[in-house]
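Right, one structure below, let's go through it.
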Amino acid sequence: MLRVFIFIGGNFASLQNEWIMTKFSFFLLAASLCLASCTTHKLPAFSNQQWHVDPHSGNAVSTAGTELAFGSEWMITDTTLMQTAEQIAAYPKLSSHLASGIAQFPEIKVDSVLFYNPHRGLLFVAYHQAKPLKPTSEIGLYNDSAVVYSKEYARIFGNMTTYIDDDGWEIGPSESVYSNVRYNPNHKRLVLLQRLPHSNIAVFVICYTNTKKGKWWENYPPGTLWNIDLGDTDNLERISSFLHSSRNLAVENLKLALPE
């Protein structure tokens with residue numbers, strides 16, 4: 001009887017150890033998945049350039065003479081240029097918000113942040129490509145042969161091409177702006193990326209639904225969050241209108257980048 005007891009006890013101890021190891025393995029797996037889903041992205045450092053808004057053109061001009069446009073109709077009510085880490089840090093969740101927007105395009109490596117305009121969600125950066133990113137559309141200046149557009153319409157919104165040749169795009173934009181759009185349904189974050197020609201400058205247009213959680217009015221500067229659900233199909237018309245107007249941003253920067 002004693003031998004049977006010892007045998008059963010030994011089996012019990014073995015099963016107990018297996019159960020502990022299995023439970024521990026599940027714990028490690030859950031922890032690793034949680035860590036992966038909660039990974040935070042760090043906002044790259046700001047450049048050492050200083051920017052101001054030119055009172056005549058409404059464009060942002062740096063101390064090095066670089067001039068960047070916001071899109072003419074966008075600067076009427078807002079000229080905020082956040083261009084230091086201290087300005088970003090004044091809003092607890094702004095840095096991670098911008099970094100997460102950048103992270104939606106892992107093909108793009110941001111070398112430095114130039115400035116951020118919160119009311120339009122415009123983050124201007126210096127970048128290089130970590131790997132090739134084929135544009136989903138190209139935005140060019142008006143072509144007189146494109147009679148389908150009125151000249152006034154084309155002067156503002158340019159000419160958009162959605163068919164991209166398989167060859168040649170890898171060298172980067174030269175006479176046009178490369179455009180890509182991605183949407184993260186889990187976080188309801190929509191990001192439009194525009195890469196400007198003849199430079200290593202890109203613009204991230206970051207749109208994020210206001211979840212109204214926490215002290216969002218303290219965590220983000222005014223105008224940063226959208227008060228509509230970016231994942232709701234009922235809002236497609238408003239979102240489409242915004243994306244369409246963003247072409248004006250591309251055209252204005254094309255006019256600055258390309259020779260007359």
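Apart from one condition, Arg182 fits all of (1) at pLDDT 90 or above; (2) in a helix (DSSP H, G or I); the exception is (2). The residue pairs whose first member lies in region 217-246 and is without any contact (Cβ under 8 Å) to a residue 24 or more places away in the chain, whose second member is open to solvent by 30 Å² or more (accessible area, probe 1.4 Å), and whose beta carbons are closer than 7 Å, counting only pairs six or more residues apart or on different chains, are Leu225/Tyr208; Leu225/Trp216; Trp226/Tyr208; Ile228/Asn235; Ile228/Arg238; Asn235/Asp229. Within region 97-116, does at least one residue satisfy the condition of being farther than 12 Å from Pro44 by Cα, open to solvent by 30 Å² or more (accessible area, probe 1.4 Å), part of a loop (DSSP other than H, G, I, E, B) and modelled with pLDDT of 90 or more? For region 97-116, residues farther than 12 Å from Pro44 by Cα, open to solvent by 30 Å² or more (accessible area, probe 1.4 Å), part of a loop (DSSP other than H, G, I, E, B) and modelled with pLDDT of 90 or more: present.
Quick grid of which residues meet (1) among the hydrophobic types (A, V, I, L, M, F, W, C); (2) in a helix (DSSP H, G or I); (3) open to solvent by 80 Å² or more (accessible area, probe 1.4 Å):
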site	(1), (2), (3)
Ile156	yes, yes, no
Asp167	no, no, yes
Ser174	no, no, no
Leu192	yes, no, no
Trp217	yes, yes, yes
Ile239	yes, yes, no
His244	no, yes, no
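Among the conditions (1) buried (at least 18 other Cβ atoms within 10 Å of the Cβ); (2) free of Cβ contacts under 8 Å to residues at least 40 places away in the same chain, the only one that Tyr178 does not satisfy is (2).
Picking from residues in region 40-62 that are touching a Phe, Trp or Tyr at 6+ places or on another chain (Cβ under 8 Å) and part of a loop (DSSP other than H, G, I, E, B), the one that is farthest from Tyr127 (Cα to Cα) is Gly58. Taking region 194-215, which residues are modelled with pLDDT under 85 and open to solvent by 70 Å² or more (accessible area, probe 1.4 Å)? Across region 194-215, the qualifying residues are His198, Thr211, Lys212, Lys213, Lys215.
The values are calculated or read from the model by the stated rules, or taken from the named source; none is laboratory data. From a predicted model like this one, the values you see are computed outputs, not experimental measurements. Cβ: placed from backbone, ideal geometry, glycine included. Neighbour counts: every protein chain shown. Side chains are part of the model used for accessible areas, which takes the heavy atoms of the whole protein and leaves out ligands, DNA and RNA. Shrake-Rupley method; radii C 1.70, N 1.55, O 1.52, S 1.80 Å.
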